1. Exactly one of these conditions fails for GLY50: (1) in a helix (DSSP H, G or I); (2) out of contact with any strand residue (DSSP E or B) (no Cβ under 8 Å at 6 or more places or on another chain); (3) surrounded by 24 or more Cβ atoms within 10 Å (Cβ to Cβ); (4) at pLDDT 90 or above. Give me its number.
2. Kindly indicate whether LEU273 is in contact with a Ser or Thr (Cβ under 8 Å, 6 or more places away or on another chain), open to solvent by 40 Å² or more (accessible area, probe 1.4 Å), closer than 30 Å to GLY260 by Cβ and in a helix (DSSP H, G or I).
3. Can you tell me which residue in the stretch 368-417 is least open to solvent (accessible area, probe 1.4 Å), limited to those that are at pLDDT 90 or above and among the β-branched types (Val, Ile, Thr)?
4. Could you please find all residues in the stretch 78-107 being of a type in the set (Ser, Thr, Tyr) and either surrounded by fewer than 20 Cβ atoms within 10 Å (Cβ to Cβ) or under 15 Å from the mean Cα position of the chain (by Cα) (or both)?
5. Could you check how many residues of the stretch 239-250 are open to solvent by 10 Å² or more (accessible area, probe 1.4 Å) and either within 15 Å of ALA65 (Cβ to Cβ) or not in a helix (DSSP H, G or I) (or both)?
6. Only one residue in ALA429, ALA352 is modelled with pLDDT under 90, within 26 Å of ASN101 (Cα to Cα) and touching a Gly at 6+ places or on another chain (Cβ under 8 Å). Which one?
7. Could you identify the single residue in ILE258, ILE213, ILE217, ILE253 that is at pLDDT 90 or above and either among the hydroxyl-bearing types (Ser, Thr, Tyr) or within 20 Å of the chain's Cα centre (by Cα) (or both)?
8. What are the residue pairs meeting all of these: first residue in the stretch 22-34, first residue over 12 Å from SER240 (Cα atoms), second residue open to solvent by 20 Å² or more (accessible area, probe 1.4 Å) and among the basic types (Lys, Arg), Cβ atoms under 7 Å, and 6 or more apart or on different chains?
Amino acid sequence: MEKKINIQNTENIDMDFEKTAVPKNARKSFWSITIVWLGFVFVITSMMTGGGLASGLSFKQIIFATTIGNVFLCLIAIAIANMASKTGLSFALITRHTFGNKGSKIATLFVPIVNIGWYTIQAATYGKFISSVLGIEGYGELAILFLSAIVMGIFSFAGIKAITILGYIAIPAIIFLSMGTALKSGNLAGWDTIFNWIPAKEMSMVNGVTIVIGTWILSTATCIADTMRFAKNPKEAMLSACVGLLGGNSLLILCGSIAGIGMNDSDLTAVLLKLGLVIPSLILMTTNIFTTNAANLYSSSLNLANSFSTDRKKIIAIVLLASGLLCLTKPYDIAILFTFLNLLGVIVPPLAGIILSNYYIVNERNYPDLNSNSIKDWAITPWISWVASLVIVKLLSNVAEGGSAINGIFGLPALNGIIAGFIIYTLIAKFTKKGA
């Protein structure tokens, strides 16, 4: 009887396992989860990162920085993906084992705030692009901005099946257009110019690697669990995570750097428009942002459903309305919003380090059932560790002020936060009973 119920739930709600672990019969194929993860990773900001690297690194250095940065991201992604696949739990549910049933409701609020903020910014950026192409201004532009936020979220309602289908359609287009643009830019500028590129201003290699890590450190340490919990086994989950970062993220960064060098512009969409490729630019922008924002909103809805103990789809409806209204403020022009999101980007990472320590060190890779009495309502140790980690991050950021390579080692607060959270929580947990 229980088996039939699980099958029925899988068919009807598919990705709605926000309150339970994903059952074995609901697990997806390797390519299904890889497509969803690639759709998340394929975003315009990675291409812009490539253009930014080209302003301070040679092309060979860009390749090196991209490789090293993504290898490090893979190490964190592997740890989270392995945990998510073995437990079948979303990131929100995983936090219950660390912060307690009630404590996790507060802890998981931070991740969706960051994600929804970036969802809104990307929706507004897309809306502005559409308005620019169509030559629409004023109230017409505001209407497009609002609709952009609403339409992008439709796929999130249907869950992983719809997001997977979107990925199968969008990802080939993104790969083709990204590579096509890079080839076109390289041919116009000359490949000797690309391969022998020397920037006017030099950037340290450490800073270059730091920038690459910064592109996906937050989502790699949190949101990836919401996709990899559907993997049939940890091996496929970990391999999928690496394909997305080493393959997908590396591809977009390198394409962006080639386009940036060849066309002297770090914005790939702007490069397409310069080449007179309006339709390809529209396709690239649409597929690129839609796939990322669909997975982004889904992950946010899981965390918020946990925080407010309500249905995921109700959360999505509320978030879409709020995001649409926020788009009316034209957030791509509001510097304070970016400052706010960057602040949250510093606050959230220690959470991932704490959770990794709780699973791999404190609980020795063996979580009790979610209904177990061993899971308390509140746990103090993770909160103490979180605050202490933020203090460490602040101190390291002061050390990082300056332009030398040594200072650059401490220039990524998100990375510092994960490491500090892991170490501090582990040390405190040794003197308490499983981080109580």
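1. GLY50 satisfies all of (1) in a helix (DSSP H, G or I); (2) out of contact with any strand residue (DSSP E or B) (no Cβ under 8 Å at 6 or more places or on another chain); (3) surrounded by 24 or more Cβ atoms within 10 Å (Cβ to Cβ); (4) at pLDDT 90 or above except (4).
2. Criteria met by LEU273.
3. THR381
4. Once the filter is applied, which keeps residues that are of a type in the set (Ser, Thr, Tyr) and either surrounded by fewer than 20 Cβ atoms within 10 Å (Cβ to Cβ) or under 15 Å from the mean Cα position of the chain (by Cα) (or both), the stretch 78-107 yields only SER90.
5. First, the residues of the stretch 239-250 that are open to solvent by 10 Å² or more (accessible area, probe 1.4 Å): 239, 242-243, 246-247, 250.
In the following step, the residues that additionally are either within 15 Å of ALA65 (Cβ to Cβ) or not in a helix (DSSP H, G or I) (or both) were identified as 246, 250.
Adding up the residues that qualify gives 2.
6. The match here is ALA352.
7. Values: ILE258 fails: either among the hydroxyl-bearing types (Ser, Thr, Tyr) or within 20 Å of the chain's Cα centre (by Cα) (or both); ILE213 fails: at pLDDT 90 or above; ILE217 fails: at pLDDT 90 or above.
None of the others qualify; the one that does is ILE253.
8. ARG27/LYS232
The values are calculated or read from the model by the stated rules, or taken from the named source; none is laboratory data. Predicted model, so just to flag it, every value in this text is computed and none were measured. No Cβ is skipped: glycine too gets one built from the backbone with ideal geometry, and neighbour counts run over all protein chains shown. With ligands, DNA and RNA removed, areas are computed over all heavy atoms of the protein, side chains included. Shrake-Rupley method; radii C 1.70, N 1.55, O 1.52, S 1.80 Å.
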